[in-house]
Structures are given as C-alpha cells and as structure tokens.
Amino acid sequence: MTIFGVPTQALFGQLLIGLINGAFYALLSLGLSVIFGLLNIINFTHGAQYMMGAFAAYFLLNWAGLGYWWALLVAPVAVAITGIALERTTLKRLYQLDHLYGLLLTFGFALIIQGLFRHQYGSSGLPYAMPAELAGGRNLGFMFLPNYRAWVIVFSLAVCLTTWYVIERTRLGSYLRAATENPSLVQAFGINVPRMITLTYGFGVGLAALAGVLAAPIYQVNPLMGADLIIVVFAVVVIGGLGSIMGSIVTGFGLGVVEGFTKVFYPEASNTVIFVIMAVVLLLRPAGLFGRAS
Amino acid sequence: MPESLLAVHDLHAWYGESHVLHGVDFDIRSGETVTLLGRNGAGKTTTLKSVMGIVSRRRGSVRLEGRELIGLPSNRIARLGLAFCPEERGIFASLTVEENLRLPPTVRAGGLGVDAIYELFPNLKERLRAGGTTLSGGEQQMLAIGRILRTGARLLLLDEPTEGLAPVIVQQIGATLRRLKQEGFTVLLVEQNFRFAATVADRHYVMEHGRVVDMIPNAELEANMTKLHDYLGV
Ligand SMILES: Nc1ncnc2c1ncn2[C@@H]1O[C@H](COP(=O)(O)OP(=O)(O)OP(=O)(O)O)[C@@H](O)[C@H]1O
Ligand SMILES: [Mg+2]
C-alpha cells in the first residue's frame with residue numbers, strides 16, 4: 001500500500017520518528033519557556049542539562065544499581081538541584097540586566113559542562129539498556145511499533161499536559177503567571193517570589209534532565225547529545241513563541257512530525273526544514289505562532 | 001505601649017542612586033483613614049512602596065505595632081497584615097477576574113469573604129471568567145481593592161484609587177472606604193483630589209519634595225483651604 005507514492009510502512013515509520021523527536025522538542029522547549037517566562041533568562045545550559053539527565057541515569061545504574069524507573073525519578077531531581085545551585089549563586093544576579101547576559105553566562109556553563117564530560121567520558125557514547133518491561137514491540141498491521149518509543153511519546157505528552165494544566169489552571173500556576181507579569185507586586189502580596197523563581201528554574205532543568213533519561217536508551221549517553229539538539233529546540237521555541245506553554249508543546253510535537261514527513265518526501269531538506277520555518281515565522285509573526293506580541 | 005498602628009520616622013528611600021524620600025515622618029492610629037496629599041512627584045507613591053518594602057533601598061524606621069519593618073522583604077511585610085493597591089492597579093492580564101481576586105494569599109483571619117466583596121462590587125461577579133484586563137478601568141480598580149480585602153490585612157495602602165474614574169465610580173469607592181472604616185480597617189490613602197479625600201479621611205498629611213511638611217485634621221480642612229491650595233498648586 002502506498003500514499004502519494006510512498007509505502008505506508010515508511011510513512012508511519014517517519015511519523016513515529018517525528019513524534020519521538022517532537023516529544024524531546026516539546027519537553028525541552030517547555031522547560032525553556034517556563035524558565036524564560038519567570039526568570040527572563042534564555043537558558044542555554046538546557047542542552048547540557050538534558051545530557052546530565054542521561055548521564056545521571058547512567059551513573060545511577062552503574063554506581064548505585066538503580067535502574068531506569070528509579071532514574072526517571074531521581075535523575076531529574078539530582079540535576080534540578082545542580083540547576084538550583086547555579087541559579088542561587090550566579091543567575092540571580094542577572095535578572096535586572098539584558099537577556100544577553102543570561103544567555104552568555106548559561107552558554108558558558110554549557111560549554112564548561114560539556115567539556116568536562118567529554119574530557120572524562122570521551123565522545124563516543126555509552127550504552128544504556130532499555131528497561132526490560134518496555135523491550136520488544138507490537139505489530140499494528142500497518143507498522144511495527146516498538147514499546148519503548150510508544151512509551152516515550154505517551155509519557156512526555158502526559159508530562160507536558162500536566163505542566164500546562166498546573167500552570168494554566170491551578171492556584172500555584174496563577175502565582176507563576178502573575179509573577180511573570182509583575183514579580184514585585186506578587187511578592188508584596190506575601191508570596192516568596194525569589195524562592196518561586198529558584199524552584200521554577202529547578203523545575204525547568206528537571207524537565208530537561210527527564211528528557212535526557214528518556215533519550216538514554218534510544219540515543220545512548222553522550223556528552224554532546226544536547227549540543228546539537230538544543231539548537232533545533234531554540235528554533236522550535238522561536239517558532240512557538242518564547243514563554244508560551246501550549247505553544248511549546250504543540251510546536252514541539254508538530255515540528256517533529258513535519259521534520260519526519262520531510263524526510264519521506266524531500267529528504268534533502270529534513271535537516272533544515274525547521275530553520276526554514278523559523279525564518280518564515282520570524283518574518284511574518286516575530287512573536288511566534290503562539291506568542292503574545294509585546 | 002505604642003499607640004500608633006503604623007509609625008514612620010525619618011524614612012529615606014532611593015531609586016538606584018536617586019534619593020527620593022528625605023526623612024518622611026507620620027503615623028496612623030488603628031481604625032483611622034489618613035491621606036497623603038501632595039503634588040505630582042512629591043514622593044507619595046514612593047512612601048507607600050517603601051512602607052511595603054517594594055522600594056528596597058530605604059533607611060529610617062517603619063514600625064507596625066512597634067515592630068520594625070525596615071529591612072524585611074515585602075513578602076514578609078505583607079504577612080504581618082499590610083496590603084497594597086498600586087496606582088496602576090496591577091491587574092494581571094494572564095489571570096481571569098476570579099484568579100486575580102483570589103491571588104493574594106490570606107495572611108490572617110478576619111478578611112472579607114468573597115461574597116462580601118461581590119456585594120461591594122457587583123460588577124465583578126458577572127465577569128469572573130473574563131481576563132483581568134478586559135475589565136473597564138473602574139472595574140479594574142474595584143478588583144484591585146477587592147482582592148486585598150480578602151487577605152485579612154488590617155492596614156490598607158491605597159494609591160490614588162479614584163484616579164481617572166467617572167464620578168459615579170468615585171462615589172462608589174468613597175462609599176466603600178467609609179464602609180471599610182466601619183469594619184475597623186485602617187487605611188493610608190494617597191490622593192490628588194482633596195475634595196474626595198475630605199469625604200473619607202480623619203487626617204491629611206501633606207508631602208513636598210520627599211518630606212511630610214504638614215498635617216491637617218479633616219475638621220480643620222476648610223480653615224486651611226488657602227494653605228492647602230498653596231501646597232497642591234490648585
Ligand atoms: N522607578 C523610578 N526610578 C527613578 N525615579 C523615580 C521612580 N519612580 C519615581 N521616581 C521619582 O521619584 C519622585 C517621587 O515619585 P513618586 O512616584 O513617589 O511621586 P508621587 O507623589 O506618587 O507622584 P504622582 O502624584 O505623580 O503619583 C519623582 O521625582 C519621580 O520622578
Ligand atoms: Mg504616585
């Protein structure tokens with residue numbers, strides 16, 4: 001069977017790859033958006049923190065004997081704590097300054113962290129086994145669906161939507177949205193805004209690390225795994241609109257799929273299609289598809 | 001025993017390097033409504049923000065029931081029972097009317113219930129699901145006042161709540177302020193409009209160039225009209 005002259009097997013195969021990539025784009029751009037909204041900082045360390053999540057899973061397994069399911073819980077918390085230390089000691093000094101300073105500082109941290117890991121572990125990648133419960137897959141008739149990939153898509157979608165719900169529909173989220181608009185007034189109502197900022201950074205970093213754990217069984221654990229990915233994620237964020245929660249989720253998954261289909265219909269463009277879309281969006285809607293023009 | 005609820009003494013404040021308050025002195029007794037009058041730029045807003053801790057570079061003394069507030073961050077000050085309604089109203093666009101109303105956390109028991117607030121400002125109840133800044137200016141002012149009545153704070157700092165509003169809404173806010181006084185709230189009110197101030201306040205402090213230069217009891221306002229016109233340049 002074919003669609004537009006392409007075998008359905010190949011088409012669904014690319015759709016699946018697109019959704020997987022999209023899941024990572026969504027998780028990472030969601031974290032970036034949450035951080036940017038409240039801290040006013042473009043967190044270039046995000047890719048390195050994603051990598052740290054994967055390494056944390058690797059360490060937990062090889063040093064402490066804690067497997068994938070533990071890593072899913074412990075690695076994001078551990079990496080979030082390093083993020084919180086970073087925020088407390090350095091980032092908090094930059095909130096009043098131009099975005100450029102935060103961007104430069106976090107970019108510097110990314111280079112340092114990636115350099116340290118590469119020095120220690122080389123750049124060839126360390127294997128991380130798939131959890132036994134999710135090995136194998138099922139034949140859906142029109143395609144073969146590996147269980148682990150299905151899990152990554154469903155789980156990251158659930159994490160994204162839960163995050164959206166908390167921010168847009170709960171009381172805690174209303175503090176966050178209000179503090180994004182006017183932190184000093186929210187603080188004058190009795191809310192400890194500096195602490196909220198710190199925890200929000202920790203949460204965004206934790207999302208990146210969570211994506212890293214999810215990625216480890218698929219892409220192996222590699223000091224530079226975040227370096228290339230983060231460039232694409234920034235394009236996703238620009239397209240969705242920096243600071244928009246739903247925008248990050250929809251754009252993340254959507255662009256993953258677009259990229260996958262491009263691989264089917266015009267493979268030459270598959271690595272650049274997102275950047276082309278970014279350029280077009282920047283020209284037509286500089287605030288992004290979901291961004292509020294300010 | 002200190003008899004003032006709030007005693008401000010020799011309060012100085014800065015925005016960056018710019019020295020704006022030069023030793024402000026005044027006090028408020030529990031249950032009073034007191035105004036700060038003064039020309040544009042006299043330092044009224046800065047005084048409220050310094051009491052509240054929003055302007056963080058400040059010196060001198062701000063005592064609430066004898067307890068020193070200088071040096072505390074604004075979230076701690078709020079928890080002691082002060083609430084602030086800013087000049088620009090500070091309604092959040094990304095929150096619904098209801099979320100705006102429920103945003104400030106309860107700091108102590110004894111605040112007005114949500115129903116009592118709807119009774120004061122019936123307009124709000126009809127627009128709960130709307131975005132905060134889709135309200136009219138007057139409705140936003142009602143929301144800005146309403147939300148701090150819920151928290152249990154007993155000392156309210158209101159910065160020009162009548163600014164730019166239609167006469168009927170100014171009257172409604174006046175009625176609200178008199179009602180709050182009956183309920184025992186203490187109010188520090190910044191006003192440009194002293195005719196309005198005279199209908200709600202017990203005493204008036206006059207500010208000039210970052211200092212309090214005079215205090216006029218409301219009963220003596222008529223007798224001091226010439227002086228007041230002079231101060232305010234009206
Ligand atoms: N954010 C700021 N940075 C620097 N200077 C400021 C800032 N806000 C106010 N000022 C200055 O501080 C002085 C006092 O301002 P403030 O807002 O307290 O006056 P005000 O009495 O409230 O005036 P108005 O009646 O116009 O509201 C003014 O000279 C003003 O220019
Ligand atoms: Mg003012």
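The values are calculated or read from the model by the stated rules, or taken from the named source; none is laboratory data. These numbers come from a predicted model, not from an experiment. No Cβ is skipped: glycine too gets one built from the backbone with ideal geometry, and neighbour counts run over all protein chains shown. Keep in mind that these areas ignore ligands, DNA and RNA; they rest on the heavy atoms of the full protein, side chains included. Shrake-Rupley method; radii C 1.70, N 1.55, O 1.52, S 1.80 Å.
Structure notes:
- When A:212, A:254 are checked against the criterion of being buried (at least 22 other Cβ atoms within 10 Å of the Cβ) and either at pLDDT below 95 or not hydroxyl-bearing (Ser, Thr, Tyr) (or both), A:212 stands alone in meeting it.
- Test for residue A:180: is it β-branched (Val, Ile, Thr), within 14 Å of chain B (Cβ to nearest Cβ), part of a helix (DSSP H, G or I) and surrounded by fewer than 23 Cβ atoms within 10 Å (Cβ to Cβ): yes
Rundown of residues vs (1) within 12 Å of ligand 1 (Cβ to nearest atom); (2) within 14 Å of chain A (Cβ to nearest Cβ); (3) among the hydrophobic types (A, V, I, L, M, F, W, C); (4) assigned to a strand (DSSP E or B), yes/no style:
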{"site": "B:19", "(1), (2), (3), (4)": "yes, no, no, yes"}
{"site": "B:23", "(1), (2), (3), (4)": "no, no, no, yes"}
{"site": "B:31", "(1), (2), (3), (4)": "no, no, no, no"}
{"site": "B:42", "(1), (2), (3), (4)": "yes, no, yes, no"}
{"site": "B:63", "(1), (2), (3), (4)": "no, no, no, yes"}
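- Verdict on residue B:72 being within 16 Å of ligand 2 (Cβ to nearest atom), of a type in the set (A, V, I, L, M) and more than 9 Å from chain A (Cβ to nearest Cβ): no
One line per residue, one yes/no per condition, for (1) within 17 Å of the chain's Cα centre (by Cα); (2) buried (at least 20 other Cβ atoms within 10 Å of the Cβ):
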{"position": "B:12", "(1), (2)": "no, no"}
{"position": "B:15", "(1), (2)": "no, no"}
{"position": "B:21", "(1), (2)": "no, yes"}
{"position": "B:29", "(1), (2)": "yes, no"}
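- Qualifying positions in the stretch B:106-145 - part of a helix (DSSP H, G or I) and either aliphatic (A, V, I, L, M) or within 12 Å of chain A (Cβ to nearest Cβ) (or both): B:114, B:116, B:117, B:120, B:124, B:132, B:133, B:142, B:143, B:144, B:145
- Test: residue in the stretch B:89-105 that is open to solvent by less than 10 Å² (accessible area, probe 1.4 Å), within 16 Å of ligand 2 (Cβ to nearest atom), more than 9 Å from chain A (Cβ to nearest Cβ) and not in a helix (DSSP H, G or I): no
- Of the criteria (1) more than 9 Å from chain A (Cβ to nearest Cβ); (2) under 29 Å from residue B:228 (Cα atoms); (3) open to solvent by less than 10 Å² (accessible area, probe 1.4 Å), which one residue B:84 fails: (1)
- For the stretch B:145-176, a residue qualifies if it is within 16 Å of ligand 2 (Cβ to nearest atom) and either polar (S, T, N, Q) or at positive phi (or both), and the qualifying residues are B:160, B:162, B:164.
- Counting the residues of the stretch B:204-234 that are assigned to a loop (DSSP other than H, G, I, E, B), crowded, with 16+ Cβ neighbours inside 10 Å and at pLDDT below 95 gives 1.
- Unique match (being modelled with pLDDT under 95, away from ligand 1 (no atom under 14 Å from the Cβ) and among the small types (Gly, Ala, Ser)) among B:166, B:201: B:166
- Residue ID - nearest to ligand 1 (Cβ to nearest atom), chosen from residues in the stretch B:120-144 that are open to solvent by 10 Å² or more (accessible area, probe 1.4 Å) and touching a strand residue (DSSP E or B) at 6+ places or on another chain (Cβ under 8 Å): B:131
- Hey, residue B:148 among the hydrophobic types (A, V, I, L, M, F, W, C), more than 16 Å from ligand 1 (Cβ to nearest atom) and in contact with a strand residue (DSSP E or B) (Cβ under 8 Å, 6 or more places away or on another chain) or not: yes
- In summary, residue A:155 fulfils each of the numbered conditions (1) in contact with a strand residue (DSSP E or B) (Cβ under 7 Å, 6 or more places away or on another chain); (2) surrounded by 12 or more Cβ atoms within 10 Å (Cβ to Cβ) with the single exception of condition (1).
- Residue B:147 being closer than 16 Å to residue B:83 by Cα and open to solvent by 10 Å² or more (accessible area, probe 1.4 Å): no
- If you filter the stretch A:183-220 down to residues that are more than 8 Å from chain B (Cβ to nearest Cβ) and aromatic (Phe, Trp, Tyr), you find that the one that is farthest from the chain's Cα centre (by Cα) is A:219.
- Residue B:117, sole failed condition from (1) under 20 Å from residue B:142 (Cα atoms); (2) touching a Lys or Arg at 6+ places or on another chain (Cβ under 8 Å); (3) surrounded by fewer than 19 Cβ atoms within 10 Å (Cβ to Cβ); (4) of a type in the set (A, V, I, L, M): (3)
- For the stretch B:135-150, the set of residues classified as within 15 Å of residue B:106 (Cα to Cα) and in contact with a Lys or Arg (Cβ under 8 Å, 6 or more places away or on another chain) consists of B:147, B:150, listed by residue number.
- Pairs, first of a type in the set (S, T, N, Q) in the stretch B:40-58, second near ligand 1 (Cβ under 8 Å from one of its atoms) and open to solvent by 30 Å² or more (accessible area, probe 1.4 Å), C-beta under 8 Å, six or more apart: B:40/B:192; B:45/B:87; B:46/B:15; B:46/B:20
- Within the option set A:165, A:148, A:128, being within 21 Å of the chain's Cα centre (by Cα) and open to solvent by 90 Å² or more (accessible area, probe 1.4 Å) holds for one residue only, A:165.
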